[in-house]
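Note sheet for the following structure.
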Amino acid sequence: GWAGIEERYNEQDPARVTEELLSSAETFASLLEGLDAAGWERTGMYNYPEPALRTVEWIGIHTTHELLHHRGDLG
């Protein structure tokens with residue numbers, strides 16, 4: 001099923017969700033900032049929209065795009 005339904009997104013405390021999102025974004029940014037050239041070229045499986053082997057650089061760019069895109073949804 002869809003995570004929004006399973007996790008009851010509409011019933012969660014918006015203040016707590018905001019804190020968790022900000023904390024996760026800071027952790028994500030910190031991890032990316034610590035990468036060297038080889039770290040950016042490492043690959044991993046990214047499952048959306050379909051499973052594919054992607055570089056950390058691609059994953060970082062795509063994830064940042066999605067965060068910015070969905071930030072607008074929160075408004």
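Taking the criterion of being touching a residue at least 12 places away in the same chain (Cβ under 8 Å), more than 18 Å from His70 (Cα to Cα) and open to solvent by 70 Å² or more (accessible area, probe 1.4 Å), would at least one residue in region 26-40 satisfy it?
yes
Does Val17 meet the test of being surrounded by 10 or more Cβ atoms within 10 Å (Cβ to Cβ) and touching a Lys or Arg at 6+ places or on another chain (Cβ under 9 Å)?
no
If I filter region 53-62 for residues that are without any contact (Cβ under 8 Å) to a residue 60 or more places away in the chain, open to solvent by 90 Å² or more (accessible area, probe 1.4 Å) and acidic (Asp, Glu), do I get at least one hit?
No.
Quick one: in region 34-56, which of the residues that are in contact with a Gly (Cβ under 9 Å, 6 or more places away or on another chain) and in a helix (DSSP H, G or I) is farthest from Leu21 (Cα to Cα)?
Checked region 34-56; the qualifying residue farthest from Leu21 (Cα to Cα) is Trp40.
The values are calculated or read from the model by the stated rules, or taken from the named source; none is laboratory data. Everything numeric in this text was worked out from a predicted model, so none of it was measured. Cβ coordinates were reconstructed from backbone atoms using ideal geometry, including for glycine residues, and neighbour counts include every protein chain displayed. What goes into the accessible areas is simple: the full protein's heavy atoms, side chains included, and nothing from ligands, DNA or RNA. Shrake-Rupley method; radii C 1.70, N 1.55, O 1.52, S 1.80 Å.
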